[in-house]
Amino acid sequence: MNHETTKKSTGILTLAALGVVYGDIGTSPLYAFKEAFTGAHALPPTETNIFAALSALFWAMMLIISFKYVLVMLRYHNDGEGGVLALTALANRTARGDARWRRGIVTAGIFAAALFYSDALITPAISVLSAVEGISIATPALDNLILPVTAGVLIGLFLIQRRGTSRIGQLFGPVTLVWFITLAILGALSIAETPSVLNALSPAYAIQFAVAHPEGMFMLLSAVFLALTGGEALYADMGHFGARPVRLAWYGLVCPALLINYFGQGALVLRSADAIQNPFYLLSPGWFLLPLVALATAATVIASQATITGAYSITLQAMRMGYLPRLFIQHTSDSQRGQIYIPAVNWMMLAGVILLVIEFGSSSALAAAYGIAVSCTMIITTLLTLFVASKQPGHMRSALLLALVVFALLEMLFLSSNLTKVMHGGWMPLGLGLLLFITLSTWKRGSTLVAEQRRKLDIPMDIFISGTQPDVPRVAGTAVYLTADPTLVPSALFHNLKHFKVLHEQTLFLHVVTDDVPRVPAATAMEFRQLAPGMYNVTLHFGFRQEVDIPQALQALSAHGLQFEDMGATYFIARSTVAEGFGGMQRWRRSLFSWMTRQSEGAAGFFNLPANQVVELGTKVLL
């Protein structure tokens, strides 16, 4: 690839990253600044307070986003993939089998993933609602239309998810580019009228305010944090574009545009304290107000789309890692395998988002619920990175560890400040996160117990191979038995022998493994071993970001000298039902696990098996 082609490719990726990576943080100016002066712990909009808020916001963005995420965190990836689950997998490998560390790492990572869903519900609600609220600024008589219009936009957004985002996504970058340019222009015009606002670039204003009013600064941090809430999304989406385009977009456009707009809002409120009711829209001249509402709504839809897509991705990763049952997944693109649609997640999110809009009713009320989940996730991300960095050599390691400790302390301050909003709506993300953590951990625990029970009941493979199976009659064709443990005979084979008393000429015992990497190279994706004449053990390795397609993967058997005719194969699957037994789980958790088992998609659909070639046999497991 020549230099010009590389530059063009980087430019395209940078433009695309604007929409996907920065959609969340890019819409924060709609509500972040005003919350310092209108929220649950509002400050009077005096010059001292405005300068303190802007100074704290500027330096928080520099330290947490520009330095921690864009400069440091993008270096800590799992084969190019970011996000808390990818980082959890990386830290898990770094632990090198230490059971205590691995248990703590996985628990923290799964809790952060659960909190992500809380954020994924609040982001569409607060973003679209704050954009549509501009209607009341343009035409106060239409104030009663804010909630219906917001609900309509959100319902439309979730309804189109099944069509995929490839066509819509082509507009993301250009629309977001126009959005950031508009932010910068509106802010710059306001700053030009009151250039003294730039004095707030000095950290002295934030420090002096903190010394003089420590309680006020503590409360202010929860509002400042609203400007940082897209940091985790930035890190999670790096795998789509790579670190270089993400950094170019941030330092080249996003960061300057955001800061100029925030300072422009501050300048406006310095000139007129009444503007604090909605400083973002009041930056606009009257003739541009309705077009700005339309542009802001488009930008918030893009931010919401990125969050929804992230929820699909983290659900898929959780399934691959064994923390959720199999759910139906629809692939919406023939060329881009990462573009997926999960109906169960989509409709649950739509119901949750609409309930939030109706329950809270305004972006200011929702802002009280926003931030707690993200700040918890940020702390977990920092601690996991601290663990990974502490195990890696390097001459800059001490400086990096010190910086990560500073980030953790700052984020704990932000979390402490956000916790003051628990009674004002902050209970919602914490409660939902805890509920989802219980759900994820229950499925993992139940799946582990089921595997343990089946290991006690099933016969070891080596005993079966050396036993009576050579005397069993053979029939033509290939039988593929899916097994969770290749050292044990699948229960589906026992049922088959019990009812039909035959074996196939060619029998494959197939074990699917999801590795702690996003993608497994084709050269190492299959392990093959012959157990006896006509009987083979096959292990297929997939990354947690890969689509599992067993018939396609088994085509690689030809490299091992084995003829595999997909149309002539029969896939045998055991489906477990749970019943009360030895008390391995509390009754309520067993009931939850049993319910999740019933909601699980069959292995045939999940593994892309041809439906007319699958035989499913039931087994009962006592827990």
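Derivation of every value follows stated rules applied to the coordinates shown; laboratory data play no part. Just so we're clear, the structure is a prediction, and the values are computed from it rather than from any experiment. Note that we place each Cβ from the backbone using ideal geometry, even for glycine, and neighbour counts take in every protein chain shown.
Here are the numbers:
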item: With 5 Å bins from 0: P(r) over segment 180-271, alpha-carbon pairs, percent; result: 2, 12, 16, 19, 19, 15, 10, 5, 1, 0
item: Sequence-separation-based contact order of the chain, relative, with Cα cut under 8 Å and 6+ spacing, percent; result: 20
item: Whole-number D in µm²/s for segment 3-368 (Stokes-Einstein; Kirkwood sum over Cα pairs; 20 °C, 1.002 mPa s); result: 101
item: Positive minus negative residues near Asn278 (Lys, Arg vs Asp, Glu; Cβ under 11 Å); result: -1
item: Net dipole in debye of segment 347-472 [+1 Lys, Arg Cβ; -1 Asp, Glu Cβ; about Cα centre; nearest 20]; result: 260
item: Extension gain (nm, one decimal) between Ile155 and Ile181, 0.36 nm per residue minus Cα-Cα; result: 6.5 nm
item: Where labels lie 7 Å past Cα in the beta-carbon direction, separation of His213 and Ser558 in nm; result: 7.4
item: Computed lengthening from Val475 to Ala532, 0.36 nm per intervening residue step minus Cα-Cα distance; result: 18.9 nm
item: Cα centroid of segment 410-465 to Cα centroid of segment 528-577, whole Å; result: 31
item: Beta bridges per DSSP with both ends in segment 381-513, % antiparallel, nearest 5; result: 10
item: Helical mean residue ellipticity (222 nm; -39500 (n - 2.57) per DSSP H run of 4+; nearest 500) of the chain; result: -18000 deg cm²/dmol
item: Extension gain from Ala451 to Arg162, taking 0.36 nm per residue of separation minus the Cα-Cα distance; result: 100.6 nm
item: Neighbour-count ranking [beta-carbon atoms within 10 angstrom, fewest first] of Glu35, Glu232, Glu215; result: Glu215, Glu35, Glu232
item: Charge context of His41, other residues only, Cβ under 11 angstrom, K/R +1, D/E -1; result: -1
item: Cβ crowding within 10 Å averaged over residues, with 13-25, 401-413, 263-275, 116-128 ranked highest first; result: 116-128, 13-25, 263-275, 401-413
item: Net charge contributed by nearby residues that have their C-beta within less than 12 Å of Thr597 (K/R +1, D/E -1); result: +4
item: Separation in nanometres of the label points that stand 7 Å from Cα toward Cβ, at Asp566 and Ser591; result: 4.4
item: DSSP bridge orientation in the chain - percent antiparallel, rounded to nearest 5; result: 25
item: Label-point separation in nm, Arg93 to Glu547, each point 7 Å along Cα→Cβ; result: 2.4
item: Cα-only Debye scattering, segment 430-540: base-10 log of I(q)/I(0) at q = 0.10, 0.14, 0.20 Å⁻¹; result: -0.41, -0.70, -1.11
item: Debye, to nearest 20: dipole size of the chain, +1 on Lys, Arg Cβ, -1 on Asp, Glu Cβ; result: 1160
item: Candidate values (i) -0.63, -0.77; (ii) -0.75, -0.87; (iii) -0.55, -0.71, label of the one derived for log10 I(q)/I(0) by the Debye sum over Cα atoms at q = 0.08, 0.09 Å⁻¹; result: (i)
item: Long-range HN-HN contacts of Arg326 with modeled amide H, under 5 Å; result: Glu601
item: Highest average packing first - 221-227, 307-313, Cβ atoms within 10 Å; result: 221-227, 307-313
item: Highest to lowest packing among 375-385, 600-610, 285-295, scored as the average C-beta count within 10 Å; result: 375-385, 600-610, 285-295
item: Selected from Val106, Val84, Tyr69, residue furthest toward positive end of dipole (segment 68-108; charges at beta carbon); result: Val106
